[in-house]
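Taking it in order: structure first as structure tokens, then the write-up.
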Amino acid sequence: MIVGLGEWGLQYRTIEEHCRITQDFGLRYLELGIGGDFPGRIQRDISQLEIDSLLACIRDYGIKAPFFALDSDFTLEDPNALQEMMGQVTHDIQLAARFNATHVRLFAGFELASNMTEARWALMIQAFFEMNELCSRHGMVISIETHGRITKKNEGFIQEHTTTTDWNCLQRLLRELPPTVGFNFDPGNLKTVAEGRRLTDYAKLLGNRINYCHLKDWRRVDDYWVACAPGDDDLDYDDLLKDVPFNGVHLIEYEQADDIIEGIGRSLTYLRSIRPNLLVE
């Protein structure tokens, strides 16, 4: 099992700090993000000089960063908003290619699965066909994250089904998407909406379409969920990973920025307890 670091909880730190933290933990793989007003995400108007500088920094730390997290929502109802979103994602995919990315994490979107009309579904699928063609030209693959719609509540979130967490929608996505489009299997996200369905069922459903993996957990508090590290709650990764046919890099996605170092440390301690042969490269 190969392990690296996801970017989400690191977004308030510079990318050089991402590299230093990755190196300090003895890891070699890192996920980077594009867009958003965060010091730890690549800005869309970055210059070639700045790109070259970041690539040199990553190399100097002995880090590999082929995984890019992009923001996207192809379930938007407004046709103009959807076209604007596709333009943004097109730009971000081309920017990721300039960093020699191999995988781009996308979201299908955040509309509730129950609100998806046939027209909106068709537009979402068409968007993925277009983005997949673009990625193919750049030697990259798409990884759609299993992610529900989240609504902030207290220190956590209420989570609801989208097209990438609803069982029937996932089956349909697998049938209708290009076969080269893969999935970012995030069992923590699926846990929050599984409603009695086993996470191993999701792993078996997605099967060899899994080409990316985020590792985290969520802890239930009343009627909402708080993100936590693998091993902090009851998600049994030891049992689950036996049914995940994925041999690539598993990215720890610890989301709490205020104790990110401690959270990554707890994650690694837990993962090493269940996989003593854990690898960094």
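Out of the residues in the stretch 55-79 that are out of contact with any helix residue (DSSP H, G or I) (no Cβ under 7 Å at 6 or more places or on another chain) and assigned to a loop (DSSP other than H, G, I, E, B), which is surrounded by the fewest Cβ atoms within 10 Å (Cβ to Cβ)?
First, the residues of the stretch 55-79 that are out of contact with any helix residue (DSSP H, G or I) (no Cβ under 7 Å at 6 or more places or on another chain): 55-56, 59-60, 64, 66-67, 69, 71, 78-79.
Then keep just the ones that are assigned to a loop (DSSP other than H, G, I, E, B); that gives 71, 78.
Details: Asp71: 16, Asp78: 9.
My answer is Asp78.
In this structure, Ala97 does not satisfy being over 18 Å from the mean Cα position of the chain (by Cα), at pLDDT 95 or above and in a helix (DSSP H, G or I).
Close Cβ contacts (under 6 Å, 6 or more residues apart or on different chains) running from residues in the stretch 160-189 that are more than 20 Å from Val244 (Cα to Cα) and modelled with pLDDT of 95 or more to residues that are open to solvent by less than 10 Å² (accessible area, probe 1.4 Å) and part of a helix (DSSP H, G or I) comprise Leu177/Phe128. Being in contact with a strand residue (DSSP E or B) (Cβ under 6 Å, 6 or more places away or on another chain), surrounded by 14 or more Cβ atoms within 10 Å (Cβ to Cβ) and at negative phi narrows it down to one of Gly6, Gly40, so name that one. Selected residue: Gly6, the only one of Gly6, Gly40 that is in contact with a strand residue (DSSP E or B) (Cβ under 6 Å, 6 or more places away or on another chain), surrounded by 14 or more Cβ atoms within 10 Å (Cβ to Cβ) and at negative phi.
Tell me, which residue of the stretch 187-222 that is among the β-branched types (Val, Ile, Thr) and assigned to a strand (DSSP E or B) is most open to solvent (accessible area, probe 1.4 Å)? Full working, then the answer.
Here is the first cut: in the stretch 187-222, the residues among the β-branched types (Val, Ile, Thr) are 192-193, 200, 210, 221.
Still in the running and assigned to a strand (DSSP E or B): 210, 221.
Numbers: Ile210: 8, Val221: 35 Å².
Looking at residues that are among the β-branched types (Val, Ile, Thr) and assigned to a strand (DSSP E or B), I get Val221.
Going through (1) surrounded by fewer than 21 Cβ atoms within 10 Å (Cβ to Cβ); (2) in contact with a strand residue (DSSP E or B) (Cβ under 7 Å, 6 or more places away or on another chain); (3) in contact (Cβ under 8 Å) with a residue 40 or more places away in the chain one by one, Trp225 falls short only on (1).
Kindly establish whether Arg120 is in contact with a Ser or Thr (Cβ under 9 Å, 6 or more places away or on another chain), surrounded by fewer than 19 Cβ atoms within 10 Å (Cβ to Cβ) and of a type in the set (Lys, Arg). Break it down stepwise before answering.
Details: in contact with a Ser or Thr (Cβ under 9 Å, 6 or more places away or on another chain): yes; surrounded by fewer than 19 Cβ atoms within 10 Å (Cβ to Cβ): yes; of a type in the set (Lys, Arg): yes.
Yes: the conditions hold for Arg120.
State which residue is farthest from the chain's Cα centre (by Cα) when the search covers only the stretch 43-54 and only residues that are surrounded by fewer than 12 Cβ atoms within 10 Å (Cβ to Cβ) and part of a helix (DSSP H, G or I). Walk me through how you get there before you give the answer.
Taking the stretch 43-54 and keeping what is surrounded by fewer than 12 Cβ atoms within 10 Å (Cβ to Cβ), we get 45, 47-49, 52.
In the following step, the residues that additionally are part of a helix (DSSP H, G or I) were identified as 48-49, 52.
Values: Gln48: 26, Leu49: 28, Asp52: 25 Å.
Going through the qualifying residues, I end up with Leu49.
Does the stretch 138-148 contain any residue that is closer than 21 Å to Ser267 by Cβ, in a helix (DSSP H, G or I) and open to solvent by less than 50 Å² (accessible area, probe 1.4 Å)? No, because not a single residue in the stretch 138-148 is closer than 21 Å to Ser267 by Cβ, in a helix (DSSP H, G or I) and open to solvent by less than 50 Å² (accessible area, probe 1.4 Å).
So which of Ile261, Ile252, Ile274 is in contact (Cβ under 8 Å) with a residue 40 or more places away in the chain and more than 19 Å from the chain's Cα centre (by Cα)? Before the answer, list the steps.
Values: Ile252 fails: more than 19 Å from the chain's Cα centre (by Cα); Ile274 fails: in contact (Cβ under 8 Å) with a residue 40 or more places away in the chain.
Answer to the check: Ile261.
Among the conditions (1) modelled with pLDDT of 95 or more; (2) in a helix (DSSP H, G or I), Lys242 misses just one, which is (1).
Within the stretch 14-36, the residues that satisfy the criterion of being in contact (Cβ under 8 Å) with a residue 40 or more places away in the chain, among the charged types (D, E, K, R) and open to solvent by 10 Å² or more (accessible area, probe 1.4 Å) are Glu16, Arg20, Arg28.
Can you find a residue that is part of a helix (DSSP H, G or I), more than 14 Å from Glu255 (Cβ to Cβ) and of a type in the set (Ser, Thr, Tyr) anywhere in the stretch 176-186?
Of the residues in the stretch 176-186, the ones part of a helix (DSSP H, G or I) are 176.
The next check asks that each one be more than 14 Å from Glu255 (Cβ to Cβ); those that pass are 176.
With the extra rule that they be of a type in the set (Ser, Thr, Tyr), the set shrinks to none.
No, the stretch 176-186 contains no residue that is part of a helix (DSSP H, G or I), more than 14 Å from Glu255 (Cβ to Cβ) and of a type in the set (Ser, Thr, Tyr).
The values are calculated or read from the model by the stated rules, or taken from the named source; none is laboratory data. If you're wondering where the values come from, they're calculated on a predicted model, not measured in any experiment. All Cβ positions, even for glycine, are placed from backbone atoms using ideal geometry, and neighbour counts span all protein chains on display. For the accessible areas, the whole protein counts, side chains as well, though only heavy atoms, and no ligand, DNA or RNA atoms are used. Shrake-Rupley method; radii C 1.70, N 1.55, O 1.52, S 1.80 Å.
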